[in-house]
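Structure first, then comments.
Each reported figure results from applying straightforward, stated rules to the coordinates on display, with no laboratory input. Keep in mind the model is a prediction, meaning the values are calculated, not measured. As a convention, Cβ positions derive from the backbone with ideal geometry for all residues, glycine included, and neighbour counts pool all protein chains shown.
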Amino acid sequence: MSIILSLSSDALSEFKNQFNQKLTETLAIMEQKETDGAEITVKFTISTDEREVDDKNARYVGATRHATMIRILHKITSTLKIKNEESGGLVGENELFWDRRAGAYAIRQNDQQVGLFDRTDEEESYDDYYGDGDMAPACEVIGADDMDE
């Protein structure tokens, strides 16, 4: 009895069963992990070798014949595309200003509005920031030409 070698024949029934199982598992994991993509890869490795085998159709005992033996191995791999990300940002009351010493924009926290002449020991005043001329508010750098008018 011979079996035709094709995907639809029983010759590759183990592969078909394993593929169906891997497909079901992959879809279930995708649903569980709430991912929207996966990839299933199938690899077949086919090898042959030549050898002498017993000839069962021969008229005498011990007869041999030349045969090509085949071996087909398969590997089914599923890869889920799971996105893992973190997010965050700069939150709170952060004032943007031009730091002349650094030559770059910088920020400082400004959680509560303070009057021009209000000062406590824990707070730094405008003069503490700008007294030595090293730092200036962004308005002194951006659009400085417009302020002269």
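Screening segment 52-82 for residues that are exposed (fewer than 10 other Cβ atoms within 10 Å of the Cβ) and basic (Lys, Arg) and picking the one that is nearest to the chain's Cα centre (by Cα) gives Arg71. Just one of the listed residues (Thr79, Thr35, Thr48) is touching a strand residue (DSSP E or B) at 6+ places or on another chain (Cβ under 6 Å) and assigned to a loop (DSSP other than H, G, I, E, B), and it is Thr35. Do we have Leu27 as assigned to a helix (DSSP H, G or I) and either hydrophobic (A, V, I, L, M, F, W, C) or surrounded by 10 or more Cβ atoms within 10 Å (Cβ to Cβ) (or both) here? Judged against the criteria, Leu27 is a match. Kindly indicate whether Ile72 is touching a strand residue (DSSP E or B) at 6+ places or on another chain (Cβ under 9 Å) and outside any strand (DSSP E or B). When the stated conditions are applied, Ile72 does not pass them. Thr35 fulfils the conditions (1) in contact (Cβ under 8 Å) with a residue 12 or more places away in the chain; (2) exposed (fewer than 11 other Cβ atoms within 10 Å of the Cβ); (3) not small (Gly, Ala, Ser) except for a single criterion, (2). Can you confirm whether segment 56-63 contains a residue that is touching a strand residue (DSSP E or B) at 6+ places or on another chain (Cβ under 8 Å) and of a type outside the set (Gly, Ala, Ser)? No, every residue in segment 56-63 fails to be touching a strand residue (DSSP E or B) at 6+ places or on another chain (Cβ under 8 Å) and of a type outside the set (Gly, Ala, Ser).
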